[in-house]
Amino acid sequence: PGNRQVSGIEVVPLQELQRPRIDVTTRISGFFRDAFPQLIDLIDDAVNAVIALDEPPEQNFVRKHYLQELGEWIGKGINEDEAQERAAYRIFGAKPGSYGAGILPLIQEKNWQADADFAEAYINWGGYAYARKLGDKQGSDQRDAFRTRLSGVQVALHNQDNREHDIFDSDDYLQYHGGMIATIRALTGQQPRHYFGDSHDPARAQVRDLKQETLRVFRSRVVNPKWLDSIRRHGYKGGLELTATVDYLFGYDATAQVMDDWMYEQLAQTYAFDPGMQRFLEEANPWAQNAIAERLLEAASRGMWEEPQAQTLEDLRQLYLKSETLLEARGETPRGV
């Protein structure tokens, strides 16, 4: 009561809960790991308290999956003590001292071909376990346990507690959420259900389907004429923001499959072909114009933009060549070179 911080956990009885206990695997960020170690301990306490309950398996999926995985680890020759630890891990993050999810470098360098590439990076970067019982050995390499956990995930959710950002103005969202979705798809062969939690107002918390959130942000900001007009006031930095938005849309689509063809077409018309936008980028940031055209062409070449209009593709190619010529005339190097 003195500082209003949670000091422990208490199990809610099933009669009061009135639903089964849901098994949740948490992928924390490096910032969360560094700033909130006490919360990691509390989450781990809750997991272990629920595992220890003598309840019907269909009412306690945490315990049900723990027992299943315990038997699987023992069957693979793991000793019982270590198997118990592996089966109980529910909190994973990057290796101590490192940050990120490993997805952005693949997108930036075009160094991916399929979901398996995203899955390999996501597991290698995020497969380190955190738990109270690990003590000073936090961040234990448990990539096999992380892979096992993700193989059973049916719903991928990311929560945002502020309105300072949206899912297409930071790479964190596509890396952590998109990366999880792509990894689950690679491991199971199925697209998981995906949701976006909006708790910027705790009194009115909302959960939206990720596609619904994608459309909301796309219409309210990405192609909103008022936002586009305001971004032009920022010169070079404004052009960079436009490039980043296209990159993050592309990255989220590559990992979570959230874009439709009409959205790519509207991006092309708004960011690449609009005469006012072309003049702005040519004067303020021709590198951005080159990068936008290149990224949209990549979406088409990879089949993410499934059926682009032939004239749109040709216009994008011409714009890309024009922007390269402009950059070379100014003595600058295009992004793809």
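The values are calculated or read from the model by the stated rules, or taken from the named source; none is laboratory data. Everything numeric in this text was worked out from a predicted model, so none of it was measured. Glycine gets a Cβ as well: all are built from the backbone with ideal geometry, and neighbour counts include every protein chain shown. These area figures cover heavy atoms from the full protein model, side chains too; ligands, DNA and RNA do not enter into them. Shrake-Rupley method; radii C 1.70, N 1.55, O 1.52, S 1.80 Å.
What to note about this one:
- Residues 321, 215, 174, 39, ordered by accessible area of protein heavy atoms at a 1.4 angstrom probe radius and largest first, appear as 321, 39, 215, 174.
- Scanning residues 5 or more positions from residue 21 or on other chains, those with amide H under 5 Å from its amide H are 60, 61, with H placed 1.01 Å from N in the peptide plane.
- The Cβ shell under 12 Å around residue 107 holds other residues with a net charge of -3, Lys and Arg each +1, Asp and Glu each -1.
- Portion, in percent, of the accessible area of the chain that falls on carbon or sulfur, probe 1.4 Å: 49
- Cβ charges +1 (Lys, Arg) and -1 (Asp, Glu), total dipole of the chain, debye: 400
- Dipole of the chain, positive end: most advanced residue of 62, 188, 292 [Cβ charges, Cα centre]: 62
- Ellipticity estimate at 222 nm from DSSP helix runs (n ≥ 4, -39,500 (n - 2.57)) divided over the chain, nearest 500: -16000 deg cm²/dmol
- Rg ratio (alpha-carbon, reference 2.2 N^0.38 Å) - the range 220-264: 1.25
- With both labels modelled 7 Å from their Cα along Cα-to-Cβ, the residue 165 to residue 124 distance reads 2.4 nm.
- The Rg/Rh ratio of the chain, with Rg taken over Cα atoms and Rh as the Kirkwood radius over Cα pairs, comes to 1.04.
- Residues whose amide H comes within less than 5 Å of that of residue 91, counting only those at least five positions distant or on another chain, are 26, 130 (H built at 1.01 Å from N in the peptide plane).
- Of all DSSP bridge pairs formed entirely within the chain, close to 45 percent run antiparallel.
- A Förster radius of 56 Å combined with the Cβ-Cβ distance from residue 7 to residue 313 puts the calculated FRET efficiency at roughly 0.40.
- Long-range Cα-Cα pairs in the range 1-136 (distance over 24 Å), rounded percent: 44
- Exposed loop positions in the chain were taken to be GluC sites (Glu not before Pro) whose DSSP state is not H, G, I, E or B and which have at most 10 other beta-carbon atoms within 10 angstrom. Between these positions, the longest stretch is 165-337.
- Each of 40, 9, 52 was scored by the projection of its Cα onto the charge dipole of the range 1-60, and the greatest displacement toward the positive side belongs to 40; charges sit on the C-beta of Lys, Arg, Asp and Glu.
- Selection among 24, 272, 199 by position relative to the dipole of the chain gives 199 as farthest towards the positive end (Cβ unit charges, Cα centre).
- Segment residue 261-residue 188, extension gain: residue separation times 0.36 nm, minus the distance between their alpha carbons: 23.7 nm
- Length-normalised contact order of the range 1-105 in % [C-alpha pairs under 8 Å, at least 6 apart]: 37
- With K and R counted +1 and D and E -1, the other residues having a Cβ less than 12 Å from that of residue 312 yield a net charge of -4.
- Legend: helices of the chain (whole DSSP H runs) are marked when their alpha-carbon atoms reach 20 angstrom or more along the helix axis and their mean Kyte-Doolittle hydropathy is at least 0.5; marked are 37-51.
- If you run the Gaussian network model on the chain, springs between alpha carbon atoms under 10 Å, then out of 237, 95, 76 the most flexible one is 76.
- Summing Cβ point charges (Lys, Arg +1; Asp, Glu -1) relative to the Cα centre of the range 227-306 gives a dipole of roughly 320 debye.
- Here the range 190-270 has an Rg and Dmax of 14.4, 44 Å, counting Cα atoms alone.
- Using a Förster distance of 56 Å, the FRET efficiency for residue 278-residue 55 (Cβ separation, nearest 0.05): 0.30
- Subset of 110/137; 110/226; 237/322; 76/110; 64/95 violating a 25 Å alpha-carbon distance limit: 110/137; 110/226; 76/110; 64/95
- Diffusion of the range 64-163 by Stokes-Einstein, at 10 °C in a medium of 1.306 mPa s and with Rh set to the Kirkwood radius over alpha-carbon pairs, works out to 106 µm²/s.
- Only Lys, Arg, Asp and Glu carry charge here, each on its Cβ (+1 for the first two, -1 for the last two); on that basis the range 62-210 has a dipole of about 480 debye about its Cα centre.
- Probe 1.4 Å, protein heavy atoms only - accessible area per residue of the range 101-165 in square angstrom: 52
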